[in-house]
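Right, one structure below, let's go through it.
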Amino acid sequence: MEAGRSFSPGSEASSLKAIRDALERRRYVVLDTETTGLHEPELVTVAVVSANGEVLIDERVRPGKCIEADASRITGITDAMLADCHEFPAIYPRLLAALTGSRVVIYNAAYDLKVLANTCRRYGLLVPTVDAWCAMEWYAAMHGEWDPRRQAYRWQRLSVAAERFGIPELEAHSALGDCRTTLGVVDAALRLASSSET
């Protein structure tokens, strides 16, 4: 055990059961966004992939505010790159269609749902009700590192979850790349969950 960490020995088995209960035999999609930053964030890219890896949405949009410098450094996306893109309302119907009727897997659901809500409100659009399942919260429990200050499992970066399952992280900090990485983690975990039952 690494210094300063407190791991739950039963966290892997209980987490495999949790992901099986949440996603096995259910229709689900994976959503990811890249955003303007941390202050009242709005989306600048959004991707949705199906459980079999089909790309349902992969779009850049011109936000209603400038991208923060730190966000540009992380994603490589600048305001100039989005100057000729549609605004969010142009893709809103397609995004709703991609999310409706499915459980929506998101790595850091609270943040991405906040981004989606902020962006909808910017344009006076109805904030969709999303059947969200947070892969980050799930993996935090599986990783099992306890945060005594928060009295909860410590959140882990997507790259940590990908490494745990041997998933190559392609196009990190792109919405589509992070969707595909999250799907790879979920796929691997469901296979492990299934094999642990036999």
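The values are calculated or read from the model by the stated rules, or taken from the named source; none is laboratory data. Remember, predicted model here, so these are calculated numbers, not experimental data. Heads up, the Cβs are rebuilt from the backbone with ideal geometry, glycines too, and the neighbour counts pull from every protein chain shown.
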Out of (1) in contact with a helix residue (DSSP H, G or I) (Cβ under 6 Å, 6 or more places away or on another chain); (2) in a loop (DSSP other than H, G, I, E, B), what's the single condition that is false for Thr119?
(2)
For region 151-198, name all the residues that are among the aliphatic types (A, V, I, L, M) and part of a loop (DSSP other than H, G, I, E, B).
Ile167, Leu170, Ala172
Can Leu183 be described as in contact with a strand residue (DSSP E or B) (Cβ under 7 Å, 6 or more places away or on another chain) and buried (at least 20 other Cβ atoms within 10 Å of the Cβ)?
yes
Tell me which residues, restricted to region 153-162, are in contact with an Asp or Glu (Cβ under 8 Å, 6 or more places away or on another chain) and either surrounded by fewer than 20 Cβ atoms within 10 Å (Cβ to Cβ) or over 15 Å from Glu12 (Cβ atoms) (or both).
Arg154, Trp155, Gln156, Leu158, Ser159, Ala162
Within region 136-146, is even one residue farther than 18 Å from Glu59 by Cβ, more than 18 Å from the chain's Cα centre (by Cα), among the aromatic types (Phe, Trp, Tyr) and not in a helix (DSSP H, G or I)?
yes
Pair list, Cβ under 6 Å, 6 or more apart: region 104-122 residue more than 23 Å from Asp187 (Cβ to Cβ) and at pLDDT 95 or above, other residue among the hydrophobic types (A, V, I, L, M, F, W, C) and in a helix (DSSP H, G or I):
Thr119/Phe88
